[in-house]
1. Identify, please: which residue in region 144-176 is of a type in the set (Lys, Arg) and farther than 20 Å from PHE222 by Cβ and is, among those, most open to solvent (accessible area, probe 1.4 Å)?
2. Mind telling me which of the residues PRO241, PRO231, PRO252 ends up being in contact with a Pro (Cβ under 6 Å, 6 or more places away or on another chain) and closer than 20 Å to ASN34 by Cα?
3. Consider GLY91 against the criteria (1) of a type outside the set (D, E, K, R); (2) open to solvent by 20 Å² or more (accessible area, probe 1.4 Å); (3) closer than 25 Å to LEU30 by Cα; (4) at pLDDT below 95: it satisfies all of them except one. Which criterion is unmet?
4. Counting just the residues of region 212-265 that are open to solvent by less than 60 Å² (accessible area, probe 1.4 Å) and of a type in the set (D, E, K, R), which one comes out farthest from the chain's Cα centre (by Cα)?
5. Anything in region 69-88 that is among the polar types (S, T, N, Q) and surrounded by 21 or more Cβ atoms within 10 Å (Cβ to Cβ)? List them, or say none.
6. Of everything in region 103-143 that's among the basic types (Lys, Arg) and without any contact (Cβ under 8 Å) to a residue 24 or more places away in the chain, which residue is most open to solvent (accessible area, probe 1.4 Å)?
7. Report every pair of residues separated by at least 6 positions or lying on different chains whose Cβ atoms are under 8 Å apart, first residue within region 236-247 and within 15 Å of PRO128 (Cβ to Cβ) and modelled with pLDDT of 95 or more, second of a type in the set (D, E, K, R) and in a loop (DSSP other than H, G, I, E, B).
8. Considering only residues that are among the aliphatic types (A, V, I, L, M) and open to solvent by less than 30 Å² (accessible area, probe 1.4 Å), look in region 33-68 and name the one that is farthest from ASN7 (Cα to Cα).
Amino acid sequence: MISWNRNRLEELVELWNKELAIDFPMREELFVQNSFDDVNVSYDSSYIAVDDEDRVIGFVVAKRWQEEIDVKMDPKRGWIQVLLVDSAYRGKGIGTILLERVEADLKGIGVEEMQLGGDPFHYFSGIPVQYKEAQKWAEKQGYNKRIDTYDLINHLDKTYDLPTNTSVTFSILKKDEEVELILFLERCFPGRWVYEAIKYFEMNGDGREFVIIKKVDRIIGFCRINDADSPSIAQNVYWSPLFEQQVGGIGPLGIDANEQKQGYGLAIVLVAMAYLQERNIETIIIDWTILVEFYEKLDFKPWKTYGIYLKDLK
């Protein structure tokens, strides 16, 4: 067992792709972004398992909230971003050792609840359901499933037009509207969505990834859109190497609670789809949602399913 080490990047990605590429093809750029550069990575609680010849045979990436930005994220929550053991070495207790080491480390510094996936700069919202053995194993380790979440997909077999609602205006965010957007998010959607927006601008985002909806010159809703030209690899385009065509992503999105039930949510998704089509996107993915019926109205279908697992460490 050795400590988390960027010098092993190539081997770590090679092991990931040996085991998971058919469903989740990994790029070195994405792995660096999410598993090394994210300030929330707990380097002291992340480990690499090696064999007698110093070859990587497993690893675990642990996270806890370490950002200095106050967006009301829970400091007592710990995450396991990924725990993977080479299939040739499974059944020997390596995964259990990695997990127990992480739990003990994080509990020792005040973490009270662990979550599998769902971390800041996450790969998965939870354990993919096709990995039934992994879900069973997690349950044996004391993790309980709370809910299933979904990634949805639309291959854009038709053209989507902008809605004709005249009571509101839709537009791509301008750089000088950055502060207004952050204030809107802090007021209406405190937490992760504020954090993701702040990180977006830190990474030199210029606004092209946000569709906004305004009523009387005031932001009342937003929708994030992503593609290959975005300033970071966003979660809904992580797995775009699976496709030959151009892939875009939609979400998160939200409408001010005072303005809901007026069709604005569906309308802003429609606008987002139209903008992505203008950018020659041929497939759109929405990640980490439970609103399957809502998105089915715009021809999205379930693509991947994940179980959200949590464990109390107290």
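1. Result: ARG146.
2. Working: PRO231 fails: in contact with a Pro (Cβ under 6 Å, 6 or more places away or on another chain); PRO252 fails: in contact with a Pro (Cβ under 6 Å, 6 or more places away or on another chain).
Exactly one residue qualifies, and that residue is PRO241.
3. All conditions are met except number (3).
4. Going through the qualifying residues, I end up with LYS215.
5. Quick first cut of region 69-88, residues among the polar types (S, T, N, Q) only: 81, 87.
Within region 69-88, GLN81 is the sole residue that qualifies.
6. Taking region 103-143 first, the residues among the basic types (Lys, Arg) are 107, 132, 136, 140.
Next, from what is left, pick out any that are without any contact (Cβ under 8 Å) to a residue 24 or more places away in the chain: 132, 136, 140.
Working: LYS132: 125, LYS136: 117, LYS140: 166 Å².
Among those that are among the basic types (Lys, Arg) and without any contact (Cβ under 8 Å) to a residue 24 or more places away in the chain, it is LYS140.
7. From residues that are within 15 Å of PRO128 (Cβ to Cβ) and modelled with pLDDT of 95 or more, the pairs are TRP239/ASP23.
8. Pass one, region 33-68, residues among the aliphatic types (A, V, I, L, M): 39, 41, 48-50, 56-57, 60-62.
Of the ones still in play, those that are also open to solvent by less than 30 Å² (accessible area, probe 1.4 Å) are 41, 48-49, 56-57, 60-62.
On the way: VAL41: 16, ILE48: 11, ALA49: 14, VAL56: 12, ILE57: 15, VAL60: 15, VAL61: 15, ALA62: 18 Å.
Checking each candidate, the answer is ALA62.
The values are calculated or read from the model by the stated rules, or taken from the named source; none is laboratory data. What you are looking at is a predicted structure, and each value in this text was computed from that prediction instead of being measured. With ideal geometry, Cβ positions are generated from the backbone for all residues, glycine too; neighbour counts draw on all protein chains shown. Keep in mind that these areas ignore ligands, DNA and RNA; they rest on the heavy atoms of the full protein, side chains included. Shrake-Rupley method; radii C 1.70, N 1.55, O 1.52, S 1.80 Å.
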